[in-house]
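**Q** Below is the structure I would like to discuss, written out as C-alpha cells.
The values are calculated or read from the model by the stated rules, or taken from the named source; none is laboratory data. Here the structure is a predicted model, which means the values were calculated and not measured. Neighbour counts are summed over all protein chains in view; Cβ atoms, including those assigned to glycine, are modelled from backbone coordinates with ideal geometry.
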C-alpha cells in the first residue's frame, strides 16, 4: 500500500484492517495476505498534517507486491509525486493487481492506467475527475468497479465493500463472511452512491431493516417473496422498496437473490455435491437457476466454483 503526502488515514486503516491483521478465527496455518506500507519519503504527513507516518518501506517494495493498494487524498488537483506514479505504472505493467480507494482513482488516472476503462470515485469529486481525465469512463453511481487487473472504490466506506469483494473473489464466500462478521459490516452490499448524497435527515421513528434482514436470512430456503417481506415489516411493497433503496441501495428482490447466491456458495464450499440440494436449500429453486445465478455473480459454474473454493477439491457437482 502506497502512502503519499496528504493520504487519508481512514483508507489506510481500512486496508490495514481488511488485509493486514492476523485472523486466527479462520484456523489457517498462515495469513492469506501480507501487507507492506511503502512511501516516497522517510516521513509522510497525512491528511491536513494530522500526524506524520514514519517507518514505511521505500517504493522499491512495490516491486514485490501481488496487489498494489492506492488510498485517496483530498487535494486531488495537486499532481502526485513522479516516483509514486512511476511505481504505480511499473506495478501494473509487470502484472500486479492495482486497487484504489476513494480518490485514489485520481492517482491511477494520472498514471495513465484508466484511459478507456470504467472506474469509480467519490461522488463529490466526480465533476473534477471528468474535467481532469475525460478519457476515463467514470461510473458515478456504483460502490466499486472491477476491471480485472484494476479495481476502484467510490469512497472511504466503499473501500470496505471493495475489500470484502476481493476477499470473496480470492478465497470464496465462506471466508469473506468470516471477515465481514469481524468487521461487523455487510458481506455484500448492492447499490450506488446516490444514497450518500447530502440531504436533510427528518426526525422519524426507527425504520431499520436489520430485524427484517435477520428474519429473512434464517428462511432463505423457504419460498419468500417481496410481498412476504413487506408483510413481515408491516408495510406496503412500495414502502419496503423505498426503504431498501434508501438503506441498502438495492431492491428487496435483488437483496434476497444475492443472499441466496451467497448461501449457495457457502453450501458448495462446505462440500455439498448435489446441485439440486444446493438450489433447494438456498431458495434458488432449480439447478438451472442456480447455475445461471452463480455464473452471473461469480463468473464460475457450480463445478468450477467448487474446484476453486470447495473443501473437497475437484469433484464435479451432480444434479
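**Q** Restricting attention to helices (runs of 4 or more DSSP H) lying wholly within the range 212-319, give those where 1 or more residues are modelled with pLDDT under 90 and outside the structural domain of residue 28 (by TED's automatic domain parsing).
**A** Qualifying helices (runs of 4 or more DSSP H): 237-248, 252-269, 287-298, 302-309.
**Q** Filter the range 123-169 down to the residues that are in contact with a strand residue (DSSP E or B) (Cβ under 9 Å, 6 or more places away or on another chain) and assigned to a helix (DSSP H, G or I) and list them by number.
**A** Passing the criteria: 126, 129, 130, 158, 159, 160, 161, 162, 163, 165, 166, 169.
Okay, residues lined up against (1) in a loop (DSSP other than H, G, I, E, B); (2) outside the structural domain of residue 162 (by TED's automatic domain parsing); (3) modelled with pLDDT of 90 or more:
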position: 13; (1), (2), (3): no, no, yes
position: 18; (1), (2), (3): no, no, yes
position: 21; (1), (2), (3): yes, no, no
position: 31; (1), (2), (3): yes, no, no
position: 40; (1), (2), (3): yes, no, yes
position: 75; (1), (2), (3): yes, no, no
position: 78; (1), (2), (3): yes, no, no
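**Q** Moving on to the next point. Please determine, by comparing only the residues of the range 6-43 that are buried (at least 19 other Cβ atoms within 10 Å of the Cβ) and in contact with a strand residue (DSSP E or B) (Cβ under 6 Å, 6 or more places away or on another chain), which one is farthest from residue 61 (Cα to Cα).
**A** Among those residues, the one meeting the criterion is 15.
**Q** Take residue 151 and decide whether it is buried (at least 22 other Cβ atoms within 10 Å of the Cβ) and either at negative phi or touching a helix residue (DSSP H, G or I) at 6+ places or on another chain (Cβ under 8 Å) (or both).
**A** For residue 151, the condition - buried (at least 22 other Cβ atoms within 10 Å of the Cβ) and either at negative phi or touching a helix residue (DSSP H, G or I) at 6+ places or on another chain (Cβ under 8 Å) (or both) - is met.
**Q** Going by what's in this entry, would residue 130 be described as under 24 Å from residue 164 (Cβ atoms) and under 24 Å from the mean Cα position of the chain (by Cα)?
**A** Spelling it out, it is not the case that residue 130 is under 24 Å from residue 164 (Cβ atoms) and under 24 Å from the mean Cα position of the chain (by Cα).
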